[in-house]
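Have a look at the structure below, then the notes.
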Amino acid sequence: MRRIGIRAELLGKDLRRAIRRAAELGFEAVQLDVAGEVAPDRLSRTGRDDLRKYVSSLGLRLSAWHYPARLAHDVGLRVEEHLETLTKVFRLAFETGAPIVVTALGRIPTDPAHPARAQVEELLEDLARLADHWGAVVALETGTEPGETLAELLRAVDSPALRCNYDPANLYVKGYDPLAAFEPLVDFIVHCHAWDARLDAVSETGTVVPLGSGEVPWPEIARYIREAAFQGYVIVEQLGNAAPADRSARAALQYLRRIG
């Protein structure tokens, strides 16, 4: 597997040190959370230029920004609550040269005739226009619905500024087949998250485990990604290990390279 990165925050609270450590471990890119010192209201234009140059000086790319929110929570739509912040996030993405903004949509009805589906489509059209104005791309995370349902929504909105972040483990722990989700979404995938999990048979919840030691079919997923000639980044998003983060991150990188 090529073009492997990591969520920088996994490597420590000191962001610059974490980014540098990602480069030292051999990753090619970092994903950053829109929070703390790099939140749009805290990071000045000079700070954005400095961040972009710092990442580049280490031989890394900034793969995406992660905006931790659910744009539509179940059928209670909240996109309007996020639009002001997202405008700032899209500008941040543009000015740091990392146009992809990964975020979660939240659960949507699987029935195309459900009245909430039309509302979701309308709101995502507004969001896509806003992202397109800033040259950004919204990558919706997979997992809260089957892959085909998300693909139907993306086809209905039909905007190059609206795509998806393929997260196989998130699909798996929510009860969906990550392999079955890949084919309908393949033309929309611009970014991937990599982590692993095991399901608890009693609670039916997922426990994060080191990549390659869980139940997510990563060798098959790697083959699908390879055969699709995917050109985006695969980002180690969770580690699931009590071992030091550096050791866990290095093991995850080696595993992804091995199966890729």
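FYI, it's all coordinate maths here, none of it is from the lab. As the structure is a computational prediction, the values presented were derived from the model and not from experiment. Cβ coordinates were reconstructed from backbone atoms using ideal geometry, including for glycine residues, and neighbour counts include every protein chain displayed.
Details
- Extension gain (nm, one decimal) between R45 and S57, 0.36 nm per residue minus Cα-Cα: 2.5 nm
- Per-residue extension of 0.36 nm, minus the Cα-Cα distance of A228 and E84, leaves a gain of 48.3 nm for this segment.
- When D158, D246 are arranged by Cβ crowding within 10 Å, least crowded first, meaning fewest neighbours, the order is D158, D246.
- Less than 5 angstrom separates the built amide H of G214 from those of A197, all sequence-distant by 5 or more or on a different chain.
- Centroid-to-centroid separation of the stretch 6-41 and the stretch 150-187 [C-alpha atoms, Å]: 26 Å
- Per-residue Cβ neighbour rank within 10 angstrom, fewest leading, R198, R163: R198, R163
- Cα-Cα over 27 Å, subset of K13/K53; K53/K88; K13/K88: none
- Residue order for K174, K53, fewest other beta carbons within 10 angstrom first, comes to K53, K174.
- For the chain, built as a Gaussian network whose Cα springs stay under 10 Å, the top-fluctuating residue of A181, A131, A35: A35
- Ellipticity at 222 nm from helices only: DSSP H runs of n ≥ 4 in the chain, each -39500 (n - 2.57), divided by the residue count, give -13000 deg cm²/dmol.
- Vicinal HN-Hα couplings computed from phi for the stretch 156-173 (Karplus, 6.51 cos²θ - 1.76 cosθ + 1.60; Hz; Gly/Pro x): 5, 6, 6, 10, x, 8, 10, 9, 9, 9, 7, 10, x, 5, 5, 4, 4, 6
- Whole-Hz couplings from phi, Karplus 6.51/-1.76/1.60, listed for the stretch 18-31; x for Gly and Pro: 5, 5, 4, 5, 4, 5, 5, 7, x, 6, 9, 8, 10, 9
- Take every DSSP beta bridge whose two residues both sit in the chain; close to 20 percent of them are antiparallel.
- Amide H within-cut-off set for D167, under 5 Å, with H built and near neighbours excluded: T142, H193
- FRET efficiency for the R258 to D158 pair, using the beta carbon distance and R₀ = 41 Å, is estimated at 0.60.
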